[in-house]
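Below is one structure; the comments refer to it alone.
The values are calculated or read from the model by the stated rules, or taken from the named source; none is laboratory data. A quick note: this is a predicted structure, and the numbers were derived from the prediction, not measured. When we count neighbours, we look across all protein chains shown, and the Cβ atoms used for this are built from the backbone with ideal geometry, even at glycine. Areas reflect the complete protein model, heavy atoms only, side chains present, ligands, DNA and RNA absent. Shrake-Rupley method; radii C 1.70, N 1.55, O 1.52, S 1.80 Å.
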Amino acid sequence: MSGRNIMTDQMSGKNPTGNEQIEPATDDSTEYDFYFGPAHSGSGNFGVKLKLDGERVISARADPGYLHRGFEKLMEYRTPIQNAVISDRLCVLEPLNWNLVHAEAVDELTGIEVPERARYIRVLMAELSRLQSHIIWYGVMSLGLGFDTGFRLAFGYRDYILDIFELITGGRCYPAGYICDGGVRRDLPEGYAERIKNVLDKIKGFMENIKSFDNLFFANRTKGIGVLKLEDAIRLGATGPVLRASGMKTDVRKDDPYEIYSELDFDVPTEKQGDANARCTVRDREMEESIKIIKQVLDRIPEGKTRKPSRIKRPSRTKIPEGEVYVRNEIARGEACIYMRSVGESAPYRVKVRGPDFLHMIPVLEHLLKGCELADVPAIYWSLNICPADMDR
Amino acid sequence: MSMVKTLWVLVEGLFSKPMTIKFPHEAIEIPDAYRGEHKFDIDRCASCGFCAEICPNKAIEMVKLPEQYTQKYKKTYPRIDLRKCCFCALCQDICVKKCLKMTKNVFLATPDPASLIKDPMPKVQGEE
Ligand code: SF4
Ligand code: SF4
């Protein structure tokens, strides 16, 4: 025990864990600090320190770092196929999309021509992953707004997609690097197309249901809340649905197409208002577009090999050619990027992950929370569909 | 109008089949591709050690068998520590002899963590 008396420190206004002075509150002061998160079902492993005046937020300070697992460093000691397994964990909510970004970075370094069938499977899985991620978003958004029914419905329906993941990848949440360098780890099982079509029908039913809830629960809690103007969105580095909800028509799948996206017919939904409601609407419409893409892929998927080379190489036989790449993909939350540099060894020399949430959770969130009402904090927070996993890495 | 529709959805929910099942009395079907507990066939193993090399978590160690078996099984064989395993199935995929397979067994919770270390052992009689 140190000789310091915590009680005395608190009474004197000194913070026992640091030197910061806490101003003693005066009787007529209505200002106070409020912690949103970091250990709360409504925030994920992430906190926001709010300064409130009554019910109004005066300032917000993001408090990240609770989910740091050091993936970038781990990847420097592992071969691409082992890193594919790690790339799952970059975001719990859409591991397959992160698998894809990682696999593309390695493919670009090795220069391997990915088989056509594997490219279709990759897009199929990426879109199912996006759909599933948007459904989770709907669930947590409902939870944030106090609409528990929406939460339960969403997580129930999400499980139908997890059944598909389990059928194809062997795991419900984590596909263990199913999308890996050179293609995918295994071919689709028999009867997959029927199963996926059945699930899509169920998801459509779910989307019908949530539309009927919109006017009652969502609209009045989200309209006009957390307005992000287009110039602010660009200045603060927003990407994906957040940027599209502020009026910018941009999508990596269209602007810088990867895999087979240039051959597919789909729209990029945008909204103008930039408020929480616009962000919700964009995601609702994106789910429809994802279903459209999945159907096209199922109709056109060719036969053939699923990986080149078909066998996994031992680490001691693996070599990544020298070079550096920067790859970007459109994932459910925005733009996901990986920078990878190789010096010709079996493991990359450096991997840098830039997830969409870094900018959404710090500058954008702080900007939007400033001046809002305390009750609107969860609505704004979840309208950004943020996930600390890819920010803390 | 939307109120009526919403209420209808909620009422419908009261009479439709639940999405959940009564586990453990019922269980969902686990697909063949599932990555559960490993099954090891020592008689087919070539002792190449590829599985130990590829394992991203270093959960596999090549070990000798207890003395009573070393006459028949002279080399080293994979010992799998499920406490470290992330069930990625890379060991299964790299095994040329197809003697390391992942099964559908998901019931691995135990109060005895030592039981999660799977030593390579000769098959007991009657085991397939
Ligand atoms: S289990 Fe397979 S990979 Fe491992 S040592 Fe035996 S033959 Fe080699
Ligand atoms: S499943 Fe993966 S983590 Fe587990 S022992 Fe095999 S290679 Fe190692």
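Annotations for the structure displayed:
- Carbon and sulfur %, accessible surface of the protein assembly as shown computed with the full protein complex present, 1.4 Å: 53
- Low-density loop cleavage sites - GluC sites (Glu not before Pro) in region A:105-159, where at most 16 other Cβ are within 10 Å (DSSP): A:E113
- Length gained on full extension, A:E303 to A:E113: 66.8 nm, using 0.36 nm per residue less the C-alpha separation.
- Residue-count net charge about A:L50 - beta-carbon cut-off 13 Å; Lys, Arg +1, Asp, Glu -1: -3
- A Stokes-Einstein calculation at 20 °C with viscosity 1.002 mPa s, built on the Kirkwood radius of region A:284-377 over Cα pairs, returns a diffusion coefficient of 120 µm²/s.
- Across all directions, the average projected area of the convex hull around the alpha carbons of region A:64-170 is 8.3 nm².
- Loop chymotrypsin sites (Phe, Trp or Tyr not before Pro), region B:42-128 (other Cβ atoms within 10 Å of the site Cβ: 14 or fewer; DSSP): B:F107
- Neighbouring Cβ atoms from other chains, within 10 Å of the Cβ of residues in B:45-55, number 2 on average.
- Calculated P(r) tail over 19 Å for region B:75-128, as whole % of Cα pairs: 36
- Taking a sphere under 14 Å around the Cβ of A:N329 and counting the other residues whose Cβ falls inside, with K and R at +1 and D and E at -1, yields a net charge of -4.
- Relative pair counts by distance (%), Cα atoms of the protein assembly as shown, 20 Å bins: 20, 49, 27, 4, 0
- A cut-off of 5 Å between modelled amide H atoms, ignoring neighbours fewer than 5 places along the same chain, links B:C88 with no other residue.
- Entry comment: accessible area of the protein assembly as shown is 48 Å² per residue, from protein heavy atoms only and a probe of 1.4 Å.
- Counted over all Cα-Cα pairs of region B:1-115, pairs farther apart than 26 Å make up 42 percent.
- Positive minus negative residues near B:P113 (Lys, Arg vs Asp, Glu; Cβ under 13 Å): +1
- For region B:82-128, trypsin sites (Lys or Arg not before Pro) meeting the loop criterion (DSSP other than H, G, I, E, B) and having at most 16 other Cβ atoms within 10 Å: B:R83, B:K84, B:K97, B:K98, B:K104, B:K123.
- Applying 1/(1 + (r/R0)^6) with R0 = 60 Å to the Cβ-Cβ distance of A:D267 and B:Q68 gives a FRET efficiency near 0.30.
- One way to sum up the overall shape of region A:103-166 is the equivalent ellipsoid from its Cα gyration tensor, whose semi-axes run 34, 13, 7 Å, largest first.
- Interface B-A: total buried accessible area of about 2500 Å², 1.4 Å probe, protein heavy atoms only.
- Average beta-carbon neighbours from other chains, 10 Å sphere, peptide B:87-97: 5
- Value of [θ]222 nm, deg cm²/dmol, for the protein assembly as shown, DSSP H segments ≥ 4, -39500 (n - 2.57) each, nearest 500: -11500 deg cm²/dmol
- Here the 3J(HN,Hα) profile of region A:365-375, calculated from phi with Karplus coefficients 6.51, -1.76 and 1.60 at θ = phi - 60°, is 4, 4, 5, 6, 6, 4, x, 8, 7, 4, 5 Hz, Gly and Pro shown as x.
- List of region A:158-202 residues, accessible area with partners at least 40 Å² below that of the chain alone (1.4 Å probe): A:E166, A:G170, A:R185, A:R186
- Its convex hull of Cα atoms gives region A:103-258 a direction-averaged projected area, equal to a quarter of the hull surface, of 11.1 nm².
- The accessible area of B:E12, taken with all protein chains in place and a 1.4 Å probe, comes to roughly 90 Å².
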